[in-house]
Amino acid sequence: MDRFLAENKLKEIFKLDHFYDDQWKTIKRIFNGDRMLLIEKTGFGKSLCYQFPATQLDSLTIIFSPLIALMRDQ
């Protein structure tokens, strides 16, 4: 999937206009089948890096998210 098509889907599903460049680099690697470990600062948009591909892949995708636990600590 190219970025133009992905951003059209992003707008349709998440109501967001575009990916940040570093988000797109990560998402593109996921679409290429690369294994990823993403460690980024708060506000980077990590959630979108795994949520968006999960909406586009044909295979079963399971996402374990620690976000609720992190929100409680803050």
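Could you give me the residue pairs with C-beta distances under 9 Å whose first residue belongs to the range 43-57 and is at positive phi, whose second residue is open to solvent by less than 30 Å² (accessible area, probe 1.4 Å) wherever it lies, and which are 6+ apart or on separate chains? Close Cβ pairs satisfying both conditions: G45/F19; G45/Q23.
For the range 1-20, give me the residue count where each residue is of a type in the set (F, W, Y), open to solvent by 60 Å² or more (accessible area, probe 1.4 Å) and in contact (Cβ under 8 Å) with a residue 12 or more places away in the chain. First the steps, then the outcome.
Of the residues in the range 1-20, the ones of a type in the set (F, W, Y) are 4, 14, 19-20.
Imposing the further condition that a residue be open to solvent by 60 Å² or more (accessible area, probe 1.4 Å) reduces the set to 4, 14, 20.
Okay, now just the ones that are also in contact (Cβ under 8 Å) with a residue 12 or more places away in the chain, so 14, 20.
So the answer is 2.
Pairing residues of the range 21-36 that are closer than 15 Å to L10 by Cα and in a helix (DSSP H, G or I) with residues that are at pLDDT 95 or above and open to solvent by 50 Å² or more (accessible area, probe 1.4 Å), at Cβ distances under 7 Å and at least 6 apart in sequence or on separate chains, gives W24/R3. For the range 46-59, the candidate set comprises residues that are of a type outside the set (D, E, K, R) and at pLDDT below 90; within that set, the residue that is surrounded by the most Cβ atoms within 10 Å (Cβ to Cβ) is Y50.
Of the residues making up the range 26-41, those that are of a type outside the set (S, T, N, Q), closer than 14 Å to P53 by Cα and loosely packed, with under 13 Cβ neighbours inside 10 Å are G33, D34, R35, M36.
The values are calculated or read from the model by the stated rules, or taken from the named source; none is laboratory data. None of the values given here were measured: they were computed from a predicted structure. Note that each Cβ is placed from the backbone with ideal geometry, even for glycine, and that neighbours are counted across all protein chains shown. SASA here: full protein model, heavy atoms, side chains in, ligands and nucleic acids out. Shrake-Rupley method; radii C 1.70, N 1.55, O 1.52, S 1.80 Å.
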